[in-house]
Amino acid sequence: MFEALAGKVVSGVISLSMMLFSSYEGNQPYFSQIAVSMAGNRIFIKTELVDAFDNDFEDIFRSGKQIDVSFNITLKNGSNVISDDNFKHTVIYDPLTDLFTLIIEELDETIIIDSYQQLLKKIAKIEYTRNIDSAENIIIEIESYLSKIKFDSFGKKYDLMILWKLKKPKAKVTYGKDHEI
């Protein structure tokens, strides 16, 4: 019963967004400045997804469906790919307890959150670390996207990227041995 109700709410939000797409503001997410540091052979990357979860996202997150915000971080040395990692921040809302569960894959962390505002602060932060052989002129590329969700009672998949105007936020920075270039 709850899934049917949640499906109708989300379906309505997405349908309205699609109908009014030409005039619908949507969100224009972007990444904050990427902070990069090294400790030995370990690279640390921090950034934040900004303006990503405004407008209709509270209804989407409170739908009770699993909502995945996916990320891809690619590290390159020239044209050589050092690593290409995908991970997700997953939100699951429990309407009976009014709590959000946030799974942050890159940190292997699960957090129970009791407020929507706190969820927004946590879901947008990216903290990534990896061992690399050399820190000379490392190109760091990051992008994010939203997964499609399906409501069993409707049998349709809804593309949440419509709420980001179908554009993946992307950022790129080059990091040298001693500093950002």
Number of positions in the range 103-118 that are touching a strand residue (DSSP E or B) at 6+ places or on another chain (Cβ under 7 Å) and either among the small types (Gly, Ala, Ser) or exposed (fewer than 14 other Cβ atoms within 10 Å of the Cβ) (or both): 3
Among residues of the range 4-39, those that are in a loop (DSSP other than H, G, I, E, B) and either surrounded by 16 or more Cβ atoms within 10 Å (Cβ to Cβ) or at pLDDT below 90 (or both), counted: 10
Residue match in the range 153-170 (condition: among the hydroxyl-bearing types (Ser, Thr, Tyr), at pLDDT 85 or above, within 23 Å of MET38 (Cβ to Cβ) and part of a strand (DSSP E or B)): no
Selection from the range 72-103 of residues that are within 16 Å of PHE57 (Cα to Cα), aliphatic (A, V, I, L, M) and in contact with a Phe, Trp or Tyr (Cβ under 8 Å, 6 or more places away or on another chain): VAL91, ILE92, LEU99
The one condition in (1) of a type outside the set (Val, Ile, Thr); (2) under 18 Å from PHE31 (Cα atoms); (3) part of a helix (DSSP H, G or I) that ASN86 fails to fulfil: (3)
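The values are calculated or read from the model by the stated rules, or taken from the named source; none is laboratory data. These numbers were taken from a predicted model, which means no experiment stands behind them. Every residue, glycine among them, receives a Cβ derived from its backbone with ideal geometry; neighbour counts consider all protein chains shown.
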